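Data block below; observations after.
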Amino acid sequence: MRRMKRSLICVIMVLLLSLGAGCGKQNTASEDFQRANCRNTNVNSIMKTESGYYYGKKNSELELHYYDSKNGKNMYLCNKPECRHDGNEFCAATSDKYTVMEMALYGDDIYINAIEQTEKTYQFKLLRASGDGSSLSEVVTYFETDAKDRLPGYYFDEVTEMVIHRGRAFLAYSLVNVHNKDIGVCGTAIYDLQTGELTYLWEKDMDLTEVDENFCGCGDYMFFIRAKGSRKHLYRYSYKEGSLEKMELERGFRGQYALYDENTCFYIKDNGDLYLYKHDTGENINVDCEKWTGMWQEVQVAGRSERINVHTPVIDSVLSDGEYVYTAEFMSFDNFFYPYMECTCEIGGETVDVAVDYVEVIVLNREGELVNEVKVSPKEVLGKIDDFTLHFTNNTVYLQTSVMVYECPKEDFVEGKVNFKEAYPVDIERENREAKVQ
């Protein structure tokens, strides 16, 4: 009988230990980073679910929203009854405690890169908001500083990135003294969402001589830029080996790049030239842009129609979703863009005033060959000229303004059928939180 009791106790202890071994770890699916789902200084990436969209503020206090596509309802991401969503400590959607730098949907949850500032410290934290609105929690404090010479600090214009790829969050951080920008700290933390392990790409507490920026996950690698002033180099971190490797790009690389796959990289040089890099052969190939460079319009001159090149802009940015490569004329993907320019052209002795109120998105294949030139006019979509940015996902292209997000099937967009329709409204900029809860 005693032996049976001892055996039963042993079995119970083993079960308890096995259950306890999983405590503190997050059961997170390993997903790939959507590298053309553009996030920039103004907006987060598109966070789409089967039934709706998440969205929230950036460079501001924490405020999370959910839009239910089925019933057209916009709500705070908090399911607590009677909650006023006013930043109180029990609310799962709002908080005055944190300043949000970036957020992204990963698995069933929203991960948030944030800073908590106290009287003496800056604490850089990774937060997690449950997709059902039931909780908001701190996952890890990945960097903290209480050095007095760094206070008051400034971080909005500095490197504060979050990219999650295949179960690991790469969190680049920096803090600069407001009164002396020579005083500061930076680094890059790597947090494993499944094991809870926290490591660092370089030293934990470095000065601002060199900074990491423009992270992009692809395959078994995390790519990023190592910048020292105007000199920029492209590196990749191996998930399998934990090693770092520098890509041998042409001199004059300005830090803008797009990954078609692990082996194929498109990048921009200082003069705006587009290059293609093949890692297996080490080739750097200048992409032939003559077929599409320039913005051509039909203008009326002395009673006749004539097609002229009204503007030849420099290429500023490039994206790839693994199927196509996207760049744009008269637009950058790095922020909101207002598409309007007036120019004067001389044609056969005649002076012609031309207004440009659209952009041209250039779609290329993996070899840098032209697929199509797609004209995007916010005036045709919105009925007016307005600031906007673009996101490219597996099946959809999104056009985002400060108050509305529009969607177009990617297949249609690539064919030049720009038929954007309303996807969901964004109400975070219209009024402050105090006004909303009155």
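Express in whole angstrom the spacing between the alpha-carbon centres of segment 197-267 and segment 383-430.
30
Tell me, what ³J(HN,Hα) does each residue in segment 258-267 have, in order and in whole Hz, if you take phi through Karplus 6.51 cos²θ - 1.76 cosθ + 1.60 with θ = phi - 60° and put x for Gly and Pro?
So the Karplus estimates, Gly and Pro as x, are 9, 9, 6, 7, 4, 9, 10, 10, 9, 8 Hz.
Straight-line reach from Lys148: which lysines have Cα under 23 Å away, leaving out those fewer than 8 places along the same chain?
Here the lysines satisfying the reach criterion relative to Lys148 are Lys97, Lys120, Lys125, Lys181, Lys204.
For segment 195-302, what relative contact order do you get, as a whole percent, if you take Cα pairs closer than 8 Å and at least 6 residues apart?
Working: 164 pairs, mean separation 14.8, N = 108.
In percent, rounded to a whole number, it is 14.
Apply the Karplus parameterisation 6.51 cos²θ - 1.76 cosθ + 1.60, with θ equal to phi minus 60°, to every residue of segment 135-142 and state each ³J(HN,Hα) to the nearest whole Hz, in sequence, with x for glycine and proline.
7, 9, 9, 8, 7, 7, 8, 8
Considering only DSSP states other than H, G, I, E and B, which trypsin sites (Lys or Arg not before Pro) in segment 33-87 qualify as loop sites with at most 13 other Cβ atoms within 10 Å?
Details: sites: Arg35, Arg39, Lys48, Lys57, Lys58, Lys70, Lys73, Arg84; in loops: Arg35, Arg39, Lys57, Lys58, Lys70, Arg84.
Listed in order of number, the matching sites are Lys70.
For the pair Val403 and Glu144, how long in nm is the line joining their label points, each one 7 Å along Cα→Cβ?
Calculated label separation equals 4.3 nm.
Show the residues, 5+ positions off or on another chain, whose built amide H is closer than 5 Å to the amide H of His311.
Close amide H contacts, sequence-distant or interchain: Met295.
Which is farthest toward the positive dipole end of the chain among Asn71, Ala328, Pro313, measuring Cα position about the Cα centre, with Cβ charges +1 (Lys, Arg) and -1 (Asp, Glu)?
Comparing the listed Cα positions along the dipole, Asn71 ranks first.
If amide H atoms are built 1.01 Å from N in the plane of the peptide, which residues on other chains or at least 5 residues away come under 5 Å of the amide H of Ser45?
Correct list: Met103.
Based on Cβ point charges of +1 for Lys and Arg and -1 for Asp and Glu, what charge dipole magnitude is obtained for segment 80-203 about its Cα centre, in debye rounded to the nearest 20?
Values: 11 positive and 21 negative charges, 9 e Å.
Dipole of segment 80-203, to the nearest 20 debye: 40 debye.
Rounded to the nearest 500 deg cm²/dmol, what is the calculated helix-only ellipticity per residue at 222 nm for the chain, with -39500 (n - 2.57) per DSSP H run of length n ≥ 4?
On the way: 4 runs with 33 residues, N = 438.
The helix contribution divided over the chain gives -2000 deg cm²/dmol.
Please compare each pair in Lys58/Lys410; Lys58/Lys421; Lys58/Lys269; Lys375/Lys410 to a cut-off of 18 Å on the Cα-Cα distance and tell me which ones are over it.
Numbers: Lys58/Lys410 26 Å; Lys58/Lys421 24 Å; Lys58/Lys269 30 Å; Lys375/Lys410 14 Å.
Long pairs (Cα-Cα over 18 Å): Lys58/Lys410; Lys58/Lys421; Lys58/Lys269.
Accessible area of Cys218, 1.4 Å probe, to the nearest 10 Å²?
10
Among [x] 29.2; [y] 22.0; [z] 24.4, which is the computed mean projected area of the Cα convex hull in nm²?
Correct label is [x].
List, in order, the whole-Hz ³J(HN,Hα) value for each residue of segment 59-72 obtained from phi through the Karplus relation with A = 6.51, B = -1.76, C = 1.60 and θ = phi - 60°; use x for Gly and Pro.
6, 7, 5, 5, 8, 10, 10, 9, 10, 8, 5, 5, 10, x
Is the shape of segment 158-293 rounded, prolate or oblate, going by the alpha carbon gyration tensor and its root eigenvalues a ≥ b ≥ c, with a/c under 1.5 for rounded and a/b larger than b/c for prolate? Each step should come with its number before you reach the end.
On the way: a/c = 2.37, a/b = 1.32, b/c = 1.79.
The shape class here is oblate.
Taking the Cα centroid of segment 55-95 and of segment 100-157, what is the distance between the two, rounded to the nearest whole Å?
17
The values are calculated or read from the model by the stated rules, or taken from the named source; none is laboratory data. Keep in mind that what you see is a predicted model, and the values were worked out from it rather than measured. With ideal geometry, Cβ positions are generated from the backbone for all residues, glycine too; neighbour counts draw on all protein chains shown. Just so you know, the surface numbers come from the protein's heavy atoms only, side chains and all, with ligands and any DNA or RNA stripped out. Shrake-Rupley method; radii C 1.70, N 1.55, O 1.52, S 1.80 Å.
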